[in-house]
Amino acid sequence: MYYIGIDVSKKDLAVFDGKKDLKFINKEGLKSFKKYLKNKYNLSEIAIIFEPTGVYSLYLKEFCAENSIKAYIVNPKKSHNFTRVLGKRSKTDKIDARILYQFHKHIDLEDIKIPKIDQQAKTLASYLVSYEFALKQRISLSNHLESLRDKGLITLIKKDLKRAKM
């Protein structure tokens with residue numbers, strides 16, 4: 001089994017394969033990452049270790065599910081405690097990927113599985129993200145309205161707020 005530690009961020013996947021530090025763009029399909037893996041490994045012999053980072057790790061989780069790649073999704077609290085035990089303070093994406101790679105020594109093989117994607121949960125999560133975004137926009141407009149002095153602008157903002165409440 002080949003282990004790969006991955007630190008997931010909004011833009012990138014910081015990858016450590018046991019020998020090299022690599023970086024891949026974090027976007028749907030993960031084409032460049034897939035190309036790298038196919039050239040270097042048999043996909044059935046890989047275990048990817050990463051922390052769930054909300055929507056940012058979704059592409060990686062879906063990638064593993066679609067390509068039948070085993071993964072171990074580390075509880076962030078466990079990862080944090082593991083980092084402290086190793087005495088690592090400086091947290092960078094590169095260091096985090098290396099630490100996640102080292103975590104493989106403490107994983108039971110039966111806990112490494114191909115992730116399952118729950119489409120209902122995925123849909124609900126996207127609705128929730130959209131709702132939270134709309135709510136933040138409405139609050140931002142309300143706060144902005146309180147600071148305004150220009151009556152014409154106040155009228156425009158109030159119209160926008162009415163639309164946002166619908």
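Scanning the stretch 16-42 for residues that are surrounded by 12 or more Cβ atoms within 10 Å (Cβ to Cβ) and part of a loop (DSSP other than H, G, I, E, B) turns up Asp17, Gly18, Asn26, Lys27, Leu30, Tyr41.
When the stretch 1-15 is filtered for residues that are without any contact (Cβ under 8 Å) to a residue 60 or more places away in the chain, surrounded by fewer than 16 Cβ atoms within 10 Å (Cβ to Cβ) and touching a Phe, Trp or Tyr at 6+ places or on another chain (Cβ under 7 Å), the ones remaining, listed by number, are Tyr2, Lys10.
Please tell me if Ser68 is touching a residue at least 12 places away in the same chain (Cβ under 8 Å), assigned by TED's automatic domain parsing to the domain that holds Lys20, in contact with a helix residue (DSSP H, G or I) (Cβ under 8 Å, 6 or more places away or on another chain) and within 22 Å of Lys10 (Cα to Cα). Against the criterion (touching a residue at least 12 places away in the same chain (Cβ under 8 Å), assigned by TED's automatic domain parsing to the domain that holds Lys20, in contact with a helix residue (DSSP H, G or I) (Cβ under 8 Å, 6 or more places away or on another chain) and within 22 Å of Lys10 (Cα to Cα)), Ser68 does not qualify. When the stretch 124-141 is filtered for residues that are modelled with pLDDT of 85 or more and among the β-branched types (Val, Ile, Thr), only Ile139 remains.
Taken over the stretch 46-87, the residue count meeting the criterion of being more than 16 Å from Asp111 (Cα to Cα) and hydroxyl-bearing (Ser, Thr, Tyr) is 5.
Among the residues of the stretch 142-156, the one identified as among the aliphatic types (A, V, I, L, M), touching a helix residue (DSSP H, G or I) at 6+ places or on another chain (Cβ under 8 Å) and modelled with pLDDT of 80 or more is Ile154.
The values are calculated or read from the model by the stated rules, or taken from the named source; none is laboratory data. The model shown is predicted, which means the values in this text are computed figures rather than measured ones. Positions of Cβ are generated from backbone atoms using ideal geometry, with glycine treated the same way; all protein chains shown enter the neighbour counts.
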